[in-house]
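A.B. asks: Can you read through this structure? Questions will come right after.
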Amino acid sequence: MALIVNYDANNNPVVIDDATGQIVQTVSNWQNSVDSIAPNLSTVIEQNKSGDEPWYVSAQKILTGLLMTDQQRKLLNVQIDRAQKGLPPLDLTNYTGVGVRVGIAPQTQQLLIYGGLALLAVMLLRRR
């Protein structure tokens with residue numbers, strides 16, 4: 001069974017079974033499928049679509065935001081639980097999903113310090 005995507009007269013995607021030529025999924029079918037998982041989710045997706053963006057791209061953005069919010073809520077609950085027990089907070093910099101480290105690694109910092117000291121020593125010895 002091979003599936004192909006075509007577009008109807010209104011430029012909406014339609015999934016067709018290549019072997020039988022039957023329509024497998026239309027725009028209204030995805031809305032019904034999504035609403036069966038979470039009521040009114042298709043409405044939220046339609047409200048958050050921008051321009052000609054497909055529905056699944058909007059859904060991905062919405063779900064990514066929801067998942068990250070849920071992750072942060074769970075991590076906050078863990079930190080609160082640890083604080084109530086008198087334990088120090090966890091260092092979550094290595095474990096949180098999307099994060100950007102700013103700065104240099106400690107080993108690199110140490111190498112730069114030693115290199116700077118060696119350069120300073122060479123400059124001082126050449127002065128004499």
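A.B. asks: Name the residue that is modelled with the highest pLDDT, counting only residues in the stretch 12-27 that are within 20 Å of residue 47 (Cβ to Cβ) and not aliphatic (A, V, I, L, M). Walk me through it before giving the result.
C.D. replies: Narrowing the stretch 12-27 to residues within 20 Å of residue 47 (Cβ to Cβ): 12-13, 27.
Add one more test, that the residue is not aliphatic (A, V, I, L, M), and what stays is 12-13.
Working: 12: 68, 13: 71.
Per the stated criteria, the residue is 13.
Let's see how each residue does on (1) surrounded by 10 or more Cβ atoms within 10 Å (Cβ to Cβ); (2) over 30 Å from residue 41 (Cβ atoms); (3) at pLDDT below 90; (4) polar (S, T, N, Q):
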site: 66; (1), (2), (3), (4): yes, no, yes, no
site: 96; (1), (2), (3), (4): yes, no, yes, yes
site: 101; (1), (2), (3), (4): no, yes, yes, no
site: 105; (1), (2), (3), (4): no, yes, yes, no
site: 108; (1), (2), (3), (4): yes, yes, yes, yes
site: 119; (1), (2), (3), (4): yes, yes, yes, no
site: 126; (1), (2), (3), (4): no, yes, yes, no
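A.B. asks: When residue 30 is evaluated against the numbered criteria (1) surrounded by 10 or more Cβ atoms within 10 Å (Cβ to Cβ); (2) modelled with pLDDT of 80 or more, which criterion, by number, is the only one it fails?
C.D. replies: Among (1) surrounded by 10 or more Cβ atoms within 10 Å (Cβ to Cβ); (2) modelled with pLDDT of 80 or more, residue 30 violates only (2).
A.B. asks: Please find, among 4, 45, 37, the residue that is modelled with pLDDT of 80 or more, of a type in the set (A, V, I, L, M) and either on the phi > 0 side of the Ramachandran plot or under 29 Å from the mean Cα position of the chain (by Cα) (or both). Full working, then the answer.
C.D. replies: On the way: 4 fails: modelled with pLDDT of 80 or more; 37 fails: modelled with pLDDT of 80 or more.
Result of the check over 4, 45, 37: 45.
The values are calculated or read from the model by the stated rules, or taken from the named source; none is laboratory data. Quick caveat, the model's predicted, so the values are computed rather than measured. Every residue, glycine among them, receives a Cβ derived from its backbone with ideal geometry; neighbour counts consider all protein chains shown.
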